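Below is one structure, written out as structure tokens; the observations come after it.
The values are calculated or read from the model by the stated rules, or taken from the named source; none is laboratory data. As the structure is a prediction and not an experimental result, all values here were calculated from the model. With ideal geometry, Cβ positions are generated from the backbone for all residues, glycine too; neighbour counts draw on all protein chains shown. Note: accessible area is taken over every heavy atom of the protein model, side chains too, but ligands, DNA and RNA are not part of it. Shrake-Rupley method; radii C 1.70, N 1.55, O 1.52, S 1.80 Å.
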Amino acid sequence: MIQDPISGSAEGDATRLDPCGHKRAAYGTGNAAFRHHHVGHLLHRIGMALPRLLHGQDLIRESRAIEQMCWRELEYENQPIFDGVLPDFLLINRAGRPVHFSIPTDPVILAARMAALKPSPLPALSRVGTNLEGLARLLDFTAFEFQWLLWSYCVRCFGSAILPVVPLRDELHGCEVLALLADMPVGAVQDAVESRRLHTLGLLHGGDTDTAMPSVVSGWLLATEQFADWIEQPYASDSDLLIALCQAQVSLTPSR
């Protein structure tokens, strides 16, 4: 059965739902609630866009996965179980009775429901949110760069498997999909992708310019593990945050 990585409390996210380890969980629920809110927003955006991104069996498969993952947000009583999801040995429940299968929602109808959902409340204060805003000021991020890095950080924490598999034909198609998800002009996305600024700074995975373009959306939304570590630390000022960025850059530079 598909895992349910976004439903549940912030406290649960701080421990059970955070695959990045105890270091992040130790900083309290503010960061966990921040991640929970934004990954929920990303999944809602993808869920409502799926009929425009996929077709046929691919659309049916990924739509079912979204429905299973976001079942609490969709106000279902239980996580739906669809035919073909469980292996044969799990088709009998503890009472010895056959498992009851759910009927998948039509992808177009599900997309409309996803569009109407509201993400979990954004915490009043989170260390990650404060640091990201400070970094955006220091480096003069565009609106898309900020959104791109924010979602990539969340995907790094929850794992790329949380996202539907959306194949990309080429770089332009990748930019178009990101623009759709972020609700921003394609030109703003293309500028950020072509500059590779977030990659060369060591914030997004794939700093090597020879790296092949990711073939699925999840490959475009992946912050580096190092960035995800230091962006969650406490900093007394923007200057300390900038120093941390510089130190991270030095550590990324190969020794000769």
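Under a 5 Å amide H cut-off, with hydrogens placed 1.01 Å from N, LEU204 pairs with HIS199, THR224 among residues at least 5 apart or on other chains. The trypsin sites (Lys or Arg not before Pro) of the stretch 143-227 that meet both conditions, a loop assignment by DSSP and at most 11 other Cβ atoms within 10 Å of the site Cβ, are ARG169. Rolling a 1.4 angstrom probe over the protein heavy atoms with all chains in place gives the stretch 138-240 an accessible area of 43 Å² per residue.
Taking the accessible area of the stretch 113-221, probe 1.4 Å, and keeping the other protein chains in place, the carbon and sulfur fraction comes to 54%.
Sorting 31-39, 47-55 by average packing, meaning the other beta carbons within 10 Å per residue, from highest down gives 31-39, 47-55.
Taking amide H atoms as placed 1.01 Å from N in the peptide plane, the amide H of VAL216 lies under 5 Å from those of LEU168, each 5 or more residues away in sequence or on another chain.
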